[in-house]
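Data block below; observations after.
Just so it is clear, none of the values below were taken in a lab; they were calculated from the coordinates. Please read all numbers here as calculations on a predicted model, not as lab measurements. Positions of Cβ are backbone-derived with ideal geometry, glycine not excepted, and every protein chain shown enters the neighbour counts.
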Amino acid sequence: RRSLDAQCFLLHYQAQVTGDGRVTGAEVLLRWQHPERGMVSPADFIPLAEETGLILPLGNWVLETACSQLARWTQRPDMAHLTLAVNVSAHQFRQSDFVEQVLATIRSTGVDPARLKLELTESMLVHDVQEIIEKMFALRSHGVRFALDDFGTGYSSLSYLKRLPLNQLKIDQSFVRDVLIDPNDAAIARTIVALAQSLGLGVIAEGVETAAQRDFLAGSGCHAYQGYFFARPLPLEGFEQFLRQA
């Protein structure tokens with residue numbers, strides 16, 4: 001709570017790239033620069049933020065900061081094409097004024113909503129699915145795009161996919177990690193790509209760490225990637241430098 005007031009949080013940016021290495025955008029990842037403990041992993045503080053309700057002001061800060069940065073990039077010809085993916089928690093999505101909050105942030109920052117991609121996880125779809133769908137359609141009507149993160153790891157029914165106004169599925173890194181040695185993971189990755197293509201959705205693989213993984217995914221029809229093979233999550237200056245060199 002004190003760190004939120006003292007602005008001890010910052011965003012890192014992990015590049016999302018195409019098969020030929022072109023950077024199309026990034027996913028923003030939250031980091032906590034603790035005055036005593038140093039850089040604290042999101043795995044250590046996000047569950048606590050969810051539990052205490054602090055995920056709401058934290059999530060609002062992330063969205064506003066990301067949109068402000070995206071709007072600044074729009075003014076630069078070499079970066080105007082970039083998209084930014086922002087993770088949204090279930091707590092945020094369930095807020096009655098969530099749609100209004102997002103639209104207000106878009107208006108105040110002047111960002112192009114078509115460049116903003118909100119990521120939700122499968123686990124969010126366990127409860128209040130109809131409410132989530134309605135909010136997604138409301139935002140989609142203004143141009144906001146959606147990706148389904150951690151696909152294949154949750155409990156959602158495939159029937160949800162045809163009801164959700166999605167733009168992209170993300171192949172979870174737990175499948176990508178062993179895609180070359182585990183036939184089941186390989187089959188799941190190929191199935192997700194085929195499913196996305198049949199539904200007219202984009203697909204991106206996260207956690208790509210080797211050229212061999214990238215080549216397998218490309219051979220399966222997945223041509224968008226995120227992972228250490230291309231770039232680690234970087235602070236803003238590092239990401240912009242990476243862009244200039246890409």
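Data for the structure
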read-out	value
Within the chain: Cβ-based charge dipole about Cα centre, in debye rounded to nearest 20 (Lys, Arg +1; Asp, Glu -1)	580 debye
For the stretch 160-246: rounded, prolate or oblate by the Cα gyration tensor [a/c cutoff 1.5]	oblate
Sparse-neighbour loop sites [GluC sites (Glu not before Pro); the stretch 165-246; at most 14 other C-beta within 10 Å; DSSP]	209
Computed over the stretch 1-89: relative contact order in percent, which uses C-alpha pairs under 8 Å that are six or more apart	28 percent
Projected area, mean over directions - the stretch 115-200, Cα convex hull, nm²	5.7 nm²
The stretch 173-211 and the stretch 83-134: distance between their alpha carbon centers, rounded to Å	25 Å
Mean separation of Cα contacts under 8 Å (6+ apart) over length of the stretch 149-196, as relative contact order %	35 percent
Relative contact order (percent, whole number), the stretch 127-246, Cα cutoff 8 Å, 6+ residue spacing	19 percent
Given charges at Cβ of Lys, Arg, Asp, Glu: the chain dipole, positive-most of 42, 133, 106	106
Three semi-axes of the equivalent ellipsoid, the stretch 102-246, Cα gyration tensor, whole Å, largest first	26, 23, 12
Under the Debye formula (equal points on every Cα, no solvent term), log10 I(q)/I(0) of the stretch 1-126 at q = 0.12, 0.15, 0.20 Å⁻¹	-0.49, -0.76, -1.24
Isotropic mean projected area of the C-alpha convex hull, the stretch 79-164 (nm²)	5.8 nm²
